1. Below 20 Å, Cα to Cα, which aspartates and glutamates can K322 reach? Residues fewer than 8 away in the same chain don't count.
2. Please state the relative contact order of region 227-365 as a whole percent: Cα pairs under 8 Å, 6+ residues apart?
3. Hey, if you put +1 on the Cβ of every Lys and Arg and -1 on every Asp and Glu Cβ in region 249-347, which of P287, V316, Q336 ends up farthest toward the positive end of that dipole?
4. Want the number for E63 to Q138: 0.36 nm per residue separation, take away the alpha-carbon distance, what's left?
5. Name the residues whose placed amide hydrogens come within less than 5 Å of the amide hydrogen of D167, ignoring near sequence neighbours (fewer than 5 apart) on the same chain.
6. Roughly to the nearest percent, how much of the accessible area of region 279-353 is carbon and sulfur, given a 1.4 Å probe?
7. If amide hydrogens are placed 1.01 Å from N in the peptide plane, which non-local residues have theirs closer than 5 Å to the one on L120?
8. Would you mind checking K132/K234; K57/K78; K21/K109; K132/K303; K253/K273 for any pair whose Cα atoms are more than 26 angstrom apart?
Amino acid sequence: MCLSSVGIMLSANVEQRVNIKFLTKLGKSATETYNLLTEVYGDQCLSRTQVFEWFKKFKEGREYVGDDPKSGRPSTAKTQENVEKVARIVRGDRRLSIRAISELTNINKESVRQILHDDLGMKKVCAKVVPKILTPEQKEHRVNCCADTLENIENDPDFFQNVITCDETWIFQYDPETKRQSMHWKSPQSPRKKKARMSKSKFKAMMIVFFDIRGVIYIDWVPEGQTVNQVYYKNVLTTLRERVRRRRPDMWKNASWILHHDNAPAHNALSVKRYLAKNNIPVMEHPPYSPDLAPCDFFLFPKIKSALKGTRFESVDAVKAKATQLLNSITQDDLQHCFQQWKIRMERCRDRGGDYIEGDNISIV
């Protein structure tokens, strides 16, 4: 755009502001003022928002029709002084936007963006969601549990062959697909796909799954209204023993299988511990608040729920049938990879002082 065109545009804007001021003093309303300006200036008329803003200013007593005075022109240079200035401000408040930093430093937004990304190597990210902010004692406990298990694996390379792990989770009749799952390719001409805002169905069913490195051993669907308390969990363990006897006769004969479960109240109940001790079933210790170290949480349940998302089932039986089908379709290669990842996660937890595994998805179910 040439300078003469800019000048004409500015003079036209000032002319319309004068008219707005005149109409305001005549007692016209903002809507009447906008309609009269549109009738005179047509497509060159100020926008409705601009007319209403200037109408309000003149109504409040403003007389000057020119632009408000600007502060000094923002600096465009990426000097070392500007880099240090931006660094100081960001370290003082890491939630500031680029626009806010630009206003505080009087540096244009593009230069601020380049300083942040190129010179300071920063990027703005959301806080990482973790199950709990761990205390030093809890981190130490995680380290000790991982170190003990890794020592058992080192002494017995077949240790994981005997571990049966389990957990409970809710399965919904309808679970909306995630935003990422709904992404699709479109051309400029094709309409954007739409989906209604939906919430999880009110109906849900709880399942308890036991599996080892070879496959799923037992799936228990908790009856509606039933709480997984120590009495119910003992009955589940009784059924599990029978399943192990039939499906893992070698482990049953040698009494070599080890149970791994988390620290849910039903799992830690005294009656359950006595039941396990009476039947000579050793338990692999699991540190509290550690879904990142539980195969069900970091592998099995996310895999199943991801496949179920976005599907609306007509009945509870249909939900159970589909979930069971998905569980039984998991291959031995998948499960071996899961147990390998479990070992890697324990090594990382031990080496990082008990911190949650950064960079890995932690599923809270």
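1. List returned: D167, E168, D175, E177, D220, E224, D297, E314, D334.
2. Across region 227-365, relative contact order equals 24 percent.
3. V316
4. 20.3 nm
5. Those qualifying (amide H under 5 Å, at least 5 residues apart or on another chain) are V209.
6. 44
7. Here the answer is none, since no amide H 5 or more places off falls under 5 Å of that of L120.
8. Details: K132/K234 29 Å; K57/K78 38 Å; K21/K109 34 Å; K132/K303 23 Å; K253/K273 22 Å.
Those over the limit are K132/K234; K57/K78; K21/K109.
The values are calculated or read from the model by the stated rules, or taken from the named source; none is laboratory data. Computed from a prediction, not measured in an experiment: that's the story for all the values here. Heads up, the Cβs are rebuilt from the backbone with ideal geometry, glycines too, and the neighbour counts pull from every protein chain shown. Ligands, DNA and RNA are stripped out before the accessible areas are found, and what is left, the full protein with its side chains, is counted by its heavy atoms. Shrake-Rupley method; radii C 1.70, N 1.55, O 1.52, S 1.80 Å.
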